[in-house]
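One structure is given here, and the rest of the page talks about it.
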Amino acid sequence: MNGTMTSDQAIACLNLALERNKELFSEAYHLSHAALDLLDQPHMDVEQFMQYQKKRRQADLKYLEAIEHLRLIMAEYPVHLLSAGHSTHQPQVSAEE
């Protein structure tokens, strides 16, 4: 974290990073469900299954990106700032969208 930032600036940056992280997880979630929807198609052929595998890989990569992004956030911001951001400034994150 930049040592010249005020606490409010740091919390604002943290909230922005957490919002982006929420978007990454949401994108991964939607890719995963789009892949599963392909499996629900009747009379699946090889091409459709390959599309499923491609979508599944995209979802997996997006989940990895979101996890790495969150790891970087955790490394960049001290625990007390994460607690402050979560309790007063962070939008609520739901498991499903």
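Any read-out appearing in this document is the output of simple, stated calculations on the displayed coordinates, not a laboratory observation. Note that the coordinates shown come from a computational prediction; the quantities given were computed from them, not determined experimentally. Using ideal geometry, Cβ is built from the backbone for each residue, glycine included, and neighbour counts are taken over all protein chains shown.
Points to keep in mind about this one:
- Among (1) touching a helix residue (DSSP H, G or I) at 6+ places or on another chain (Cβ under 8 Å); (2) surrounded by fewer than 14 Cβ atoms within 10 Å (Cβ to Cβ), the one test that D45 misses: (1)
- Every residue from region 52-73 that is surrounded by 14 or more Cβ atoms within 10 Å (Cβ to Cβ) and either among the acidic types (D, E) or not in a helix (DSSP H, G or I) (or both): D60, E65
- The set of residues in region 1-58 being of a type in the set (A, V, I, L, M) and within 13 Å of the chain's Cα centre (by Cα) consists of L16, A17, L18, L24, A28, L31.
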